[in-house]
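One structure is given below, encoded as C-alpha cells.
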Amino acid sequence: GRAGAAATRNTADVIVIGGGFAGVTAARELKKAGLSSIILEARGRLGGRTWSTTFAGEPIELGGEAIDPKQPNVWAEAQRYGIATTSGGGLDSFVMPSGSGFTILSPGAASTRLAQLFTPFFDGSAALFPNPFDPFSGTGLQAFDQLSMRDRLNQLAYAPADEAWINGTTAGLSGGTSARGAYTMLAQSWALSGGTYEGYVSINTYGVQGGTAALLNAILADSQAQVRLNSPVAAVTTAGKTVTVLTTTGAVYVAPRVVVAVPVNLWKTIKFLPGLPAEFGAVSRAGIGVPNSKKIFMHVRGGAAGAFVAHPPEGFPISTTVPHSTLADGTRIIFCFSTDPQVTGTSVAQMQGLLSQLSPGIQVLATTAQNWGADRYSLGGWSCRQPGMLTGPYRTIQQPVGRLAFAGSDIASGWSGYIDGAVESGKTAARQVLAMSSAGDPVLVG
Ligand SMILES: Cc1cc2nc3c(=O)[nH]c(=O)nc-3n(C[C@H](O)[C@H](O)[C@H](O)COP(=O)(O)OP(=O)(O)OC[C@H]3O[C@@H](n4cnc5c(N)ncnc54)[C@H](O)[C@@H]3O)c2cc1C
C-alpha cells in the first residue's frame, strides 16, 4: 500500500554511513555482489577528508592528494577507471633548520642527510612489519607499539641539530607533538614504502588527474548507490534483523546491514543501540585523526629559496611546506601543514611572517586553508594511531559488530592515514557484510 511504498524509499540492502573513499568503495563492492546501497553523507558534498577545489584559479586538494603505485588499492582504482596521474614541477631547494633559523640547501644535499638521519629511526621496521599490509605479522610488536615517535627519537639520542631535521616530520604526523603518535605508525609506512627513505618520500609524487573527486565519482557511478547529502546520522539501532538509522534531520532509514564509514573520531557522536564494545568508544575518544590538523595553501611571489621544500623543526608553527604549481606570471602556489592551534592558515599577515623565515623576500599574496581538526564531520585530520593502539584495541575495532561493519582509513590494515587505506577498508567492510548471515533477513523491496 501507500505507507509501505513510502517506507521502502528509505530502504536498501545496505545503508552506508559516510561518503568518503571508504564508504563509496564499500558501496561499489556491494553492488558488484548484487547488493544495493544508500549512502548517507553528513556534508553537502562527498569525499570527506579529500576535497578537490580551486585556489588562485588552480585546482587544489584541501585534504588527501597524493597516490602511489606502492599503494595498490587506490592505484588499482585509478587504473580501473582510466584516470591518469599528475606530477609536480621542478624543485630549486630545501629549507632546513640551522641554528635558531633556517638554511637553504640543494635538494640533493638535503635529501642525502635526511636519509642518513631517518634510516636509524627505522632500523628494525622490516622485522616489525614483515608483511606490511598485515600490521600484526611481525615479532616484537608489543614492546615497540608502546613507543611514541618522541620515545624513539630519545632512544637514538640525536644531536639537537640533527634531531631538528626530522622532528618536524614526526611531530606533524603525530598532530602537534612527537609524543602523541605511535612509532609503529610511521614504522609501518616505512615498511610499506620498501624500507628506504627514497621509497618513503616518493609516496608524495603523484596526484590524480581531475582531482581526487574524479576518482571518487568514478567509483560512485559504478556503485549505483543512492546518495543522500546533508544527512548526518545521529543514531543506529539494531532490533532483531533490522537496523534503523536516524539522521539529525529526523529521516529514518532501515536495512538489514549497515557499513559505518565515518571517521573513528566521529563514532563517539553517534548513538549505537545496543552499544558497541568498549574499545570503540575508547579509541574514538582518544582519537586517531590528529587534532588541529590544517592544510594551508598560499599564493606567493619570489623569495630566496625559489620553489622549495621546507622541514621546519618541532615547535615551529607550520610543518612540511611543499611547492604545488607555478603560474604563467611566475608566481607560485605552495602548501604547508600545521597542527599549531594558533595558526589559522587564513591570515596573510601570519603566513607572511612565518614564510619570510623560510624564504627571505617571499611575498604572500593570498591564502586558503581547511582546519580538519575543527571540522565537525572529521574532528581530526590524517590518521595517526597513538602508542598501544595497534596491539591493544585495533584488532577489535576492525571487526563487525552484529549487523554493522566498520570502514575507514583510520582502521585500515595497510596504509592507514592514506586514501589507499580508505579504499582497502571499504573492500574489507563489503566482504564482512557479505559474510554476515542473511538467513531470516527481512525481504526489502525497492
Ligand atoms: C590535510 C590532509 C592531507 C592528507 N594527505 C594525504 C595524501 O596526500 N595522500 C593520501 O593518500 N592521504 C592523505 N590524507 C588522508 C586521506 O585523506 C584520508 O585517509 C582519507 O581520505 C579518509 O577517507 P575515509 O573514507 O576513511 O574518511 P573520510 O574521508 O573522513 O570520510 C568519512 C565521511 O563520513 C562523513 N560523516 C562524518 N560524520 C557523519 C555522520 N554522523 N553521518 C553521516 N556521515 C558522516 C564525513 O563527512 C565524510 O564524508 C590526508 C588527510 C588530510 C586531512
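Nothing in this text is a laboratory measurement; each read-out follows from the coordinates by a stated rule. Treat the numbers as computed from the prediction; the structure is a model and nothing was measured. When we count neighbours, we look across all protein chains shown, and the Cβ atoms used for this are built from the backbone with ideal geometry, even at glycine.
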Of the candidates ILE219, ILE270, ILE39, which one comes out as most mobile in a Gaussian network treatment of the chain with C-alpha springs shorter than 10 Å? ILE270
Equivalent ellipsoid semi-axes for the range 112-196, as square roots of 5 times the alpha carbon gyration tensor eigenvalues: give them largest first, rounded to whole Å. 21, 14, 11
Sorting PHE335, GLY34, ALA115 by the position of each Cα along the dipole of the chain (Lys, Arg +1; Asp, Glu -1; all at Cβ), the one nearest the positive end of that ordering is GLY34
Ignoring everything except DSSP H segments at least 4 long, calculate the 222 nm mean residue ellipticity for the chain; use -39,500 (n - 2.57) per segment, divide by total residues, nearest 500. -9500 deg cm²/dmol
Taking springs between alpha-carbon atoms closer than 10 angstrom, which of SER148, SER416, SER100 fluctuates most in the Gaussian network model of the chain? SER100
Given charges at Cβ of Lys, Arg, Asp, Glu: the range 186-281 dipole, positive-most of ASN265, PRO232, THR249: THR249
Given the chain, what whole percent of its Cα pairs are spread farther than 37 Å? 25
Between 0 and 90 degrees, rounded to the nearest ten: what's the tilt of helix 160-174 against the longest Cα principal axis of the chain? 20
C-alpha long axis of helix 183-192 to longest principal axis of the chain, angle in °: 90
If the only charges are +1 at each Lys and Arg Cβ and -1 at each Asp and Glu Cβ, what is the size of the charge dipole of the chain around the Cα centre, to the nearest 20 debye? 1400
Two-site label geometry, ASN204 and THR242: point separation in nm, points 7 Å out along Cα→Cβ: 5.1
Using the Kirkwood radius over Cα pairs, work out the Stokes-Einstein diffusion coefficient for the range 82-237 at 4 °C and 1.567 mPa s, in µm²/s as a whole number. 70
Pick from VAL245, VAL290, VAL401: which residue has the top mean-square fluctuation in a GNM of the chain where Cα pairs under 10 Å get a spring? VAL401
Dipole of the range 112-196, Cα-centred, from +1 at each Lys and Arg C-beta and -1 at each Asp and Glu C-beta, to the nearest 20 debye? 140
Rounding to the nearest 10 and keeping the result within 0 to 90°, find how far the Cα-based axis of helix 21-32 lies from the longest principal axis of the chain. 40
Which FRET efficiency, nearest 0.05, do ALA76 and ASP329 yield, Cβ-Cβ r, R0 45 Å? 0.70
For the chain, whose charge dipole is built from +1 on Lys and Arg Cβ atoms and -1 on Asp and Glu Cβ atoms, the candidate among SER87, THR367, ALA278 with its Cα farthest towards the positive end is ALA278
